[in-house]
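Please read the structure below before turning to the comments.
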Amino acid sequence: MSIAARLQATRGAFTLDLDLAVSAGRTLALLGPNGAGKSTVLALLAGTLHLDSGSIVVGNRVLDDESTHVEMEDRRLGVVFQDYLLFPHLTVLENVAFAPRAAGKSRAAGRALALAWLDRLGIADLASARPPQLSGGQAQRVALGRALASDPDLLLLDEPLAALDVEGREDVRGELGRHIREWGGPTIVVTHSFDDVAALADDVVVIEHGRATQRATVRELVQAPATSYIARLVASWSDD
């Protein structure tokens with residue numbers, strides 16, 4: 001499974017014009033400053049905003065073009081939001097089972113799939129806990145389990161480490177990267193942190209003012225940053 005997207009949209013004075021492509025098993029980081037258009041990209045991919053022109057194709061399935069617009073609930077996406085958006089009144093097991101249940105699986109099948117993902121993510125012992133009882137890293141794994149239990153064609157990570165404190169963020173980065181690589185589908189990470197890029201991504205598209213200013217592997221980005229914004233990020237990361 002892969003994704004190819006040609007994203008063109010105008011919202012007020014802001015215009016987005018961007019091409020994205022991610023093959024199966026690879027993670028693309030979309031990096032850029034605040035206001036660059038990262039949230040617009042995520043909304044277009046998720047289907048909460050409509051393209052003005054262009055297309056979004058996942059595998060052989062057209063999700064958006066001049067004549068087609070598939071709604072978010074029918075796009076087969078797994079999404080991990082920056083604040084995770086877990087249901088506080090449901091147990092961890094019920095939170096993860098919500099995704100396959102929403103996709104039409106029976107209660108028993110949904111719970112079995114949720115238990116399998118909790119075990120795979122190393123948090124099966126938390127099945128009966130509720131979100132307020134979880135640490136930040138545990139909550140993130142629950143959110144990732146819920147996203148992957150939906151059997152998505154595409155995984156979207158929206159600033160997935162932003163809700164963690166500095167110490168927790170360092171601990172969780174590598175673990176998150178391992179889990180999404182083991183999953184094996186195409187992943188897009190929206191971030192403004194080069195630490196996230198270095199830990200999670202294979203490839204990077206840097207977006208500034210709604211357009212790509214550099215497309216590279218992580219190593220290429222470090223070795224030859226194309227703009228002053230990227231150079232500052234790389235220098236700051238190298239100094240840490």
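Please treat every number below as a calculation from the coordinates, not as lab data. The shown structure was predicted, so the numbers you read here are calculated from the model rather than taken from an experiment. Positions of Cβ are generated from backbone atoms using ideal geometry, with glycine treated the same way; all protein chains shown enter the neighbour counts.
Since only V218, G137, F194 are under comparison, the one whose Cα sits farthest along the positive direction of the charge dipole of region 86-240, derived from C-beta charges on Lys, Arg, Asp and Glu, is G137. Working from Cα pairs under 8 Å separated by at least six residues, relative contact order for the chain is 28 percent. For a quick check: with amide H placed at 1.01 Å from N, whose amide H comes under 5 Å from S150's, ignoring anything fewer than 5 positions away on the same chain? Correct list: empty. Summing Lys and Arg as +1 and Asp and Glu as -1 over all other residues whose Cβ lies under 13 Å from the Cβ of A114 gives a net charge of +4. Helix 92-102 and the longest principal axis of the Cα set of the chain meet at an angle near 70°. Equivalent ellipsoid of region 87-152: semi-axes from √(5λ) of the C-alpha gyration tensor, largest first, are 18, 11, 10 Å.
The string of couplings for region 168-180 from the Karplus curve (6.51, -1.76, 1.60, θ = phi - 60°) is x, 5, 4, 5, 8, 3, x, 5, 4, x, 5, 5, 6 Hz, one whole number per residue in order, with x for Gly and Pro. A Gaussian network model of the chain, with springs between Cα atoms under 10 Å, assigns the largest mean-square fluctuation among D119, D196, D153 to D119.
The residues neighbouring V190, those whose beta-carbon lies less than 9 Å from its own, together hold a net charge of -1 under the Lys/Arg +1, Asp/Glu -1 convention.
Other residues within the sphere of radius under 13 Å centred on the Cβ of L77, judged by their own Cβ, net out at -3 (K and R +1, D and E -1). Distance between Cα centroids, region 72-124 to region 137-213: provide it in whole Å. So the separation of the two Cα centres works out to 17 Å. Using the Cα gyration tensor of region 30-112, with a ≥ b ≥ c the square roots of its eigenvalues, what is the shape: rounded (a/c below 1.5), prolate (a/b larger than b/c) or oblate (neither)? Judged from the Cα gyration tensor, region 30-112 comes out oblate (a/c at least 1.5, b/c at or above a/b). Axis angle, to the nearest 10 degrees, between helix 228-239 and the longest C-alpha principal axis of the chain: 50 degrees. Report note on the peptides 60-68, 139-147: ranked by the mean count of other C-beta atoms within 10 Å, highest first, their order is 139-147, 60-68.
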